[in-house]
Structures are given as C-alpha cells and as structure tokens.
Amino acid sequence: MIELEGVPELVDPVMVAAFEGWNDAGDAASTAVAHLDREWKGEVFAALDAEDYYDFQVNRPTVWMDAGVRKITWPTTRLSVVRVGGEKPRDLVLVRGIEPSMRWRSFCNELLGFAHELGVELVVILGALLGDTPHTRPVPISGTTSDPDLARRMDLEETKYEGPTGIVGVLQEACTHAGVPAVSLWAAVPHYVSQPPNPKATLALLNRLEDLIDVRIPLGELPEDARAWQVGVDQLAAEDSEVAEYVQTLEEARDTAELPEASGEAIAREFERYLRRRDGGPSPGDRTRPPMPPKPGNKDDDEDSSDD
C-alpha cells in the first residue's frame, strides 16, 4: 500500500509523464513536463527509490554544495501535483525522471500504484523522436493509444508500431493491462538538428496536451524561444548549401504529403485554440471522462508488456 500523506483530494486528475533518454529527442518531452511544473509551481510528494531502478554507472549521481555542506542528488523519478483552477478545475500529477536502467515492470507498477491511490482518470505520456521533418514547418505530433474506444473519443490513432520500444511504450501497455486509460503524444524532431533544447517541439507537445485534456496551459516565454530557435536554425542552414538543399527537399515532401490534411476540422481546431487563448477561457465542449481504473496487481511478472 502506498501512503500519500499531505496530498489533497484531487479534481479530475490526469497523470502527465516524461522521461529523459531514448524517448526524449531534443529533451522536448522532459522539458514540457518541467515547464508545467515550473509554471504551476508543482509540489513534489514522492520520489522512487533510485537504487531499485538505476545503474549509477550509466546515470551518475551529482555532488553539490549547500551552505558549505556537500550533498548528493541521485538520479530518480519524482512525482508532483499541480492544482489548475478556472471554470473547469483539473489537477495534474506530473511524473518527471530518467528512463530506468532495470526492473521496468516494477517501475511501471509503482507508478500505477500512485495513479490508483490518487484517482487518476487518464495517463498521458510525452515522447519525442528523430524524424525526416523540416524545422521550418509545424512540428508533427502523433497521439496514440491501445484503446479503440479512447481512440475514437479523443481523435487518436490506435498504435500499430512493432519493434524496439522504450519506457514510454512499456508504461502505456502497462496502463492498458491495468485498465487505466493511457495516451502517448509524440513530437517529431528534425534529425539534422537533434541537440537540445528544442523549444518548438516542446511548445507543440504542450499545445496538443492542452487540446487533449481541456486545460489552458500558460506558455510563458516558450513561443518566443521557439521563434528564436527557428531563426537560429535558419541561419545555420543558410550557411551550408547542402543542408539548405536537404531542408528544401524535406519541405517539398512534407507539403505534398499534407495537402489532404488541410481539412475544415484541422482549421477549426486551430481557430478554437486561438479563441481560447484570446478570451482566456476553456475550450468548447465537455470533457470526456474515462472510466475509473481498477487497482493494479502487485506482481511484476504477471503479464508481459507489449511494445508500443
């Protein structure tokens, strides 16, 4: 049993998770959760035991000084709560950490234990991958789920991926097996400019998350950072004729592929986001409330997780 002392009763809670490492190209996903935590002043209420899940030769602890006293920060995964007010209040449970080195099923079961105790209604896992996408176009965001009903209600794709997966895919399947509604949001980061940070991809993830959970997210300086990032990459590309030519090829391929996507539904979605930000109000429509999840089992090896 997980005891959560000091955590208030939450309103329509959604768990939002991101992990540094293989599933976090350009640090776009982990930075998105860090942004939420900073803007809403999240309060950490739990941290997983680092020795259970991390190889310290892979993820080294760090030493720092606090008023002349040496302290160590261990690599781990922390959970915090943010209270989101407004006409339709909704609280978020933020999970931010590093992809674990071992015992992934135990890791997922522990997170699901927290989700059950807090009454979490939906788990959203953020990720970012490298792709053949130009930095000059909107960042592609794909939303996937293993739940056909959830896919229909929330305009998501049913995942068809087969191949190697990371903790994002494993956690999503663990949620599915435990009966917890779960969604993965993926940002595609240009592979030719993969170094972090990538504020444009972070901003795209937050915009899609905002639409998904019907909560207005304060963006702070992120839009300006995204514009400055694109200007900087434009300048670097302009200095190399081969890169400039390659970017142009990606632009042409992207524009040709997305001509059918310029639908009335997509235009309406962008217009609703504009109105929501201009008026400071919630988006139209009632929230879709997935069924309450049952309590997950305690055995690590009851089921094998499928790849995302």
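Annotations
- Column: log10 I(q)/I(0), Debye, Cα scatterers of region 24-135, q = 0.14, 0.15, 0.22, 0.23 Å⁻¹: -0.72, -0.82, -1.37, -1.41
- Label-reachable residues, region 27-53, where backbone N falls under 18 Å from a point 7 Å from Arg105's Cα toward its Cβ: 52-53
- By the Stokes-Einstein formula, at 0.692 mPa s and 37 °C, region 139-261 with its Kirkwood radius over alpha-carbon pairs has D equal to 195 µm²/s.
- Take every Cα pair under 8 Å whose residues are at least 6 apart in sequence, average their separation, divide by the length of region 100-166, and the relative contact order is 16 percent.
- Relative contact order, percent, region 95-228 [alpha-carbon distance under 8 Å, six or more residues apart]: 30
- Using a cutoff of 8 angstrom between alpha carbon atoms and counting only pairs six or more residues apart, the relative contact order for region 34-171 works out to 19 percent.
- Cα pair distances exceeding 23 angstrom across region 105-200, given as percent: 33
- For region 58-122: rounded, prolate or oblate by the Cα gyration tensor [a/c cutoff 1.5]: oblate
- Dipole of region 125-262 computed with +1 at Lys/Arg Cβ and -1 at Asp/Glu Cβ about the Cα centre; of Ala244, Gln195, Ser142, farthest Cα towards the positive end is Ser142.
All of the numbers you see were taken from the coordinates with simple rules; none came from a lab. These numbers come from a predicted model, not from an experiment. Every residue, glycine as well, gets a Cβ built from its backbone with ideal geometry; the counts of neighbours run over all protein chains shown.
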